[in-house]
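Colleague: Here it is: the structure, laid out below.
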Amino acid sequence: MDASVIVVGAGPAGLMLAGELRLAGVDTIVLDRLPERTGESRGIGFTIRTMEVFDQRGLLPRFGEIGTSEAGHFGGLPLDLAVLDAAHASARAVPQSTTESVLESWARELGADIRRGTEVTGLAEDGEGVTVIVRDSARALRARYVVGCDGGRSTVRKLAGFDFPGTPATTELFLADLKGVDLEPRMTGQPTGGLVMVAKLPGGIHRIIVGERGTPPRRRSGPPEFGEVADVWKRLTDLDISGAEPVWVSAFSDAARQATEYRRGRVLLAGDAAHVHLPAGGQGMNTSVQDSVNLGWKLAAVVRGTADEALLDSYHEERHEVGRRLLANTRAQSLLLLGGEEVSPVRDVLGELLDHPEVVRHLAARVSGLDIRYDVGSGRSPLLGARLPQLDLTWARGRTTSTALLRAGRGVLLDLDDNATLRGRADAWRDRVDIVTATPVGVPAGSDSKGISAVLVRPDGHVAWAAPGSHHDLPMALDRWFGPARQTRKKGKPCTAL
């Protein structure tokens, strides 16, 4: 084997997965067909959940000063994200090029082997691994598993025969970063005849997205000419931007598709390779990063032999449902943004509903990724399956947070009641789970963690077991998510030669 895992695609999903795998000590090769990063920045921010994910791996300081905002939207209708009372706000104006640079540096520091200018042209799976054919290479590469993180036109998905059903594109939209123009931030859909969006990025750059309703996508051999973009902008806004300097221009559509399965044997999909949709609210890149955080520790455990392949099935079970809900909300937003007069009644009713705080909270949690809850077993605790809210803690080493305890990418049994018996029941999993005794310093307002004496937290930050509240015992939860207990040698008389 050339590596335990080969990741195809060096975008945010692939680089995040490489870092997660290396954090767990798994040898990883990343292949990308481009000779270098494009510098293009389709994604320009982080949702609240992605801010939490980067924080739990200690990555936020690498981005420098991040501008944050509590303003969001659903299909162009404003949402106040402050109602979520989260530990973070969403990040604004962080170019995807910066995100990729940060994640690549992190992955390389951890030992990932990132190979650019390497195009995958074939896959062949057998009982032991996957053979990867690379264009212009004298020999193929071998790995135990391959993960396609190679975008909406994924080569891995096509070569491995994944089904990718969904709704075809109805509208073509343009995205461009411009210099030498001064535009006010805006987002408008109906009744302008299409979608018009402006956002300010660092360095005096303006991001625009524009598309005329009902204009079907064209087959293109390359990016559109800026003149075409400027013409659409003029028709929809009556403003002339033809004198601006385009940094880069691209086209995309409102197609919505999702792979029917995220795993076929030793080949898996993550990010846009598994789901494509209108990038409403920047959810695509954020969901892609979170796919990788869900998959990384599970794949690492299987590779290391501490868990069997059944753990990988939970990746599809958990993230396919997240992807399904993602497509549902982005398709709804697409109708609101690109629909005509026929959508006005829906838009008006939804606007009335947003006067109710519980509706705002529901939609804000949906677009921020904070409503994600996995099936980890039955119980009455509202924490089960949810991400553990950030807790300020005191422990033997001073002050810390529950988020900081996840830096190493390991599971954490957090004992908040100094229960030696409980800790002893987890002792046989210490090679995979950190057992921490700590005392909360207050509890976040509205938190579901009140009254909890202990929680088992997966490496991705989600609660797998809670006391009180779980209907199954701690060893069962440890076995399910971290594999069988380590066998310890029983004490007794030493062996002597006969």
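Colleague: Any chance you could get the radius of gyration and Dmax over the Cα atoms of the range 1-58, in Å?
Modeller: 13.2, 39
Colleague: Further question: So what is the 222 nm mean residue ellipticity for the chain from helices alone, if each DSSP H run of at least 4 adds -39500 (n - 2.57) and you divide by all residues, rounding to the nearest 500 deg cm²/dmol? Mind showing how you got there, number by number?
Modeller: Numbers: 11 runs with 140 residues, N = 498.
Helix contribution divided over all residues of the chain: -9000 deg cm²/dmol.
Colleague: Right, next: Just to be sure I understand: of the beta bridges DSSP finds with both ends in the chain, what percent are antiparallel, rounded to 5? Before the final figure, lay out each step's value.
Modeller: On the way: 63 of 85 bridges.
Counting DSSP beta bridges with both partners in the chain, the antiparallel share is about 75 percent.
Colleague: In whole Å, what are the extents of the range 74-196 along the principal axes defined by its C-alpha atoms, from largest to smallest?
Modeller: Between the extreme Cα coordinates on each principal axis of the range 74-196 lie 54, 39, 37 Å.
Colleague: How long are the three semi-axes of the equivalent ellipsoid for the range 172-254, computed from the Cα gyration tensor as the root of 5 times each eigenvalue, in whole Å, largest first? Spell out each step's value before the answer.
Modeller: Details: eigenvalues 69, 49, 24 Å².
Values for the range 172-254, descending: 19, 16, 11 Å.
Colleague: So, one more: Taking the simple approach of a point 7 Å from Cα along Cα-to-Cβ for both SER97 and ARG153, what is their distance in nm?
Modeller: The two pseudo-label positions are separated by 2.1 nm.
Colleague: Right, next: For the chain, take the longest principal axis of its alpha carbons; what is the angle in degrees between that and the long axis of helix 12-23, to the nearest 10 within 0 to 90?
Modeller: Long axis of 12-23 versus the principal axis of the chain: about 10 degrees.
Colleague: For the range 109-172, what's the relative contact order in percent, using C-alpha pairs closer than 8 Å and at least 6 residues apart?
Modeller: Numbers: 59 pairs, mean separation 13.8, N = 64.
That works out to 22 percent.
Colleague: Which trypsin sites (Lys or Arg not before Pro) from the range 327-404 combine a DSSP loop assignment with at most 12 other Cβ atoms within 10 Å? Intermediate values should be presented prior to the final figure.
Modeller: Numbers: sites: ARG331, ARG347, ARG361, ARG366, ARG373, ARG380, ARG387, ARG397, ARG399; in loops: ARG373, ARG380, ARG397.
Sites meeting the loop and neighbour criteria: ARG380, ARG397.
Colleague: Sticking with this one: Just to verify a number: FRET efficiency for GLU317 and ASP182, C-beta to C-beta distance, R0 = 35 Å, to 0.05?
Modeller: Details: r = 49 Å, r/R0 = 1.40.
In this case the efficiency is close to 0.10.
Colleague: Next question, about the same structure. Rounded to the nearest 10 degrees, what's the angle between the helix 226-237 long axis and the longest principal axis of the chain, both from Cα atoms, 0 to 90?
Modeller: Its long axis makes an angle of about 80 degrees.
Colleague: Can you pull the one-decimal nm distance between simple spin-label points at HIS471 and GLU341, each 7 Å off the Cα toward Cβ?
Modeller: According to this spin-label approximation, the distance is 5.4 nm.
Colleague: While we're on this one: Which pairs in the list LYS200/LYS234; LYS158/LYS179; LYS158/LYS200 are over 29 Å apart, alpha-carbon to alpha-carbon?
Modeller: LYS158/LYS179; LYS158/LYS200
Colleague: Give the relative contact order (percent, whole number) for the range 6-56; include only Cα pairs under 8 Å separated by 6+ residues. Mind dumping the intermediate values first?
Modeller: On the way: 31 pairs, mean separation 17.1, N = 51.
That works out to 33 percent.
Colleague: Continuing with this model, one more query. Hey, got a sec? Which GluC sites (Glu not before Pro) in the range 1-93 land in a DSSP loop and have at most 13 other Cβ atoms within 10 Å? Let's see the in-between values first.
Modeller: Details: sites: GLU20, GLU36, GLU40, GLU52, GLU65, GLU70; in loops: GLU36, GLU40, GLU65, GLU70.
Passing both the DSSP loop test and the Cβ count: GLU36, GLU65.
Colleague: Kindly express, to the nearest 10 degrees and within the range 0 to 90, the angle between helix 357-368's C-alpha long axis and the longest C-alpha principal axis of the chain.
Modeller: 80
Colleague: Which FRET efficiency value, to the nearest 0.05, do you get for ALA485 and ARG324 by plugging their Cβ-Cβ distance into 1/(1 + (r/R0)^6) with R0 = 30 Å?
Modeller: Working: r = 35 Å, r/R0 = 1.16.
Efficiency at R0 = 30 Å is approximately 0.30.
Colleague: Here's a follow-up. With a cut-off of 8 Å between alpha carbons and a minimum separation of six or more residues, what is the relative contact order of the chain in percent? Working shown, then result.
Modeller: Working: 1028 pairs, mean separation 81.7, N = 498.
Answer for the chain is 16 percent.
Colleague: Let me ask something else. Hey, got a sec? Which trypsin sites (Lys or Arg not before Pro) in the range 121-181 land in a DSSP loop and have at most 10 other Cβ atoms within 10 Å? All intermediate terms of the calculation are to be shown ahead of the outcome.
Modeller: On the way: sites: ARG135, ARG139, ARG142, ARG144, ARG153, ARG157, LYS158, LYS179; in loops: ARG135, ARG139, ARG153.
Answer by residue number: ARG139, ARG153.
Colleague: Report the antiparallel proportion of the DSSP beta bridges in the range 172-254 as a percent, rounded to a multiple of 5.
Modeller: Values: 24 of 25 bridges.
The antiparallel proportion sits near 95 percent.
Colleague: Work out how much length SER221 to GLU245 would gain on full extension: take 0.36 nm times their residue separation and subtract the Cα-Cα distance, in nm to one decimal.
Modeller: Working: separation 24, 0.36 × 24 = 8.64 nm, distance 2.21 nm.
That pair, SER221 and GLU245, stretches by 6.4 nm at full extension.
Colleague: If all Cα-Cα distances of the range 392-482 are sorted into 5 Å bins from 0 onward, what percent lands in each bin, rounded to whole numbers?
Modeller: 3, 14, 27, 28, 19, 7, 1, 0
Colleague: Report, as a whole number in µm² per second, the diffusion coefficient that Stokes-Einstein gives for the chain at 20 °C and 1.002 mPa s using the Kirkwood radius over alpha carbon pairs. Please report the intermediate quantities before stating the final value.
Modeller: Values: Rh = 24.1 Å.
After rounding, the answer is 89 µm²/s.
Here, each number is a calculation from the coordinates, and none is a lab measurement. Note that this is a predicted model, so its numbers are computed, not measured. Methodologically, a virtual Cβ is constructed for each residue, glycine included, from the backbone with ideal geometry; neighbour enumeration extends over all protein chains shown.
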